[in-house]
């Protein structure tokens, strides 16, 4: 089963939820993917021992000008405008290229070949003794996060995980779409504020467009108002857990501790969260979430 943890905005606690869920599940082999390739930080909490690394990139066109006759077919088939022909001369813009290969396939005289441009790296290794951890790291200055996320999802080192947790980037842009695509369930993390509500609505629209089942984690519960609850009720989005706004929680996270390590009472709650997700995926009745003092 693949569970993606997402949010319409940064700073709501995605990684807090994702790392604690990974540590809590002891009934399945867990693989953890940090898909926030522009700012990965799950390693701070899970402390993996990186023992594998490989470069990841795109194959972009390279034009042999001695062969090119300036016909312009390559520019016509490129929907991203990454190659243009001016005064009979082809110009390639690597920053716009998505590596689809259309120009190479359609060049009538074979004047285009492909060369790899390295976008970043994939790194992986064991964490917490039993978690397969992997992350993508986008090279500084590279604008294309999606190919790195796509190849991270397919990395051979993670194929035997029974539960795959994807910590998605924040927002609702293309990298988020790629991170949640193919998931069996999406956990949407929010906070009960006007900004949290606005971004939850955007994230819910995204998962609805992708036809993915979802549930909500309300972090920093106790601040703001009830509009997030009202929206979840109207949208038929189950609220699976509430984490209160507490200074001690913020202090523990700032020290690099996960929620279940700093507060062991949360361990059974995250185990129950996994059971709830399994029930929602299978269409079975969802057990009521455990309440704690201070919730």
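Please find the FRET efficiency linking residue 77 to residue 233, where r is the Cβ-Cβ separation and R0 is fixed at 45 Å, and quote it to the nearest 0.05. Working from the Cβ atoms, E equals 0.40. Normalised by the number of residues in the chain, the average gap of Cα pairs under 8 Å and 6 or more apart makes the relative contact order 26 percent.
Distance from the Cα centroid of the range 122-182 to that of the range 62-83 is 33 Å (rounded to whole angstrom).
Given [x] 0.99; [y] 1.15; [z] 0.92 as candidate values of Cα Rg over 2.2 N^0.38 Å, which corresponds to the one derived from the coordinates? From the options [x] 0.99; [y] 1.15; [z] 0.92, the structure gives [y]. In this rough spin-label picture, where each label sits 7 Å from Cα along the Cβ direction, the residue 225-residue 98 distance is 4.0 nm. Principal-axis analysis of the Cα atoms of the chain puts helix 194-209 at an angle of about 60° to the longest axis. Helix 14-24 and the longest principal axis of the C-alpha atoms of the chain enclose an angle of approximately 70°. Under the simplified labelling scheme, the residue 116-residue 91 pair shows an inter-label distance of 2.9 nm, with each label point 7 Å from Cα along Cα→Cβ. Diffusion coefficient of the range 100-159 by Stokes-Einstein, Kirkwood radius over Cα pairs, 37 °C, 0.692 mPa s: 235 µm²/s. When both bridge partners sit in the chain, DSSP labels roughly 45% of those beta bridges antiparallel. Compared with the direct C-alpha span, the chain from residue 209 to residue 261 gains 15.1 nm at full extension, assuming 0.36 nm per residue. Peptide packing for 58-70, 199-211 was compared via the average number of neighbouring C-beta atoms within 10 Å per residue; ordered from the highest value, the list is 199-211, 58-70. A simple packing score, the average count of other Cβ atoms within 10 Å per residue, orders the peptides 4-16, 79-91 as 4-16, 79-91, with the highest score first. Considering only 175, 238, 147, the mean-square fluctuation computed in a Gaussian network model of the chain, springs between alpha carbons under 10 angstrom, is largest for 238. Here the Kirkwood formula puts the hydrodynamic radius of the range 58-118 at 11.2 Å, using every distinct Cα pair. Both numbers refer to the Cα atoms of the range 101-208; Rg and Dmax are 17.8, 60 Å.
Each reported figure results from applying straightforward, stated rules to the coordinates on display, with no laboratory input. The structure presented is a predicted model; accordingly, all values stated were derived computationally and were not measured. Cβ sites come from the backbone with ideal geometry, for glycine too, and all protein chains shown count toward neighbours.
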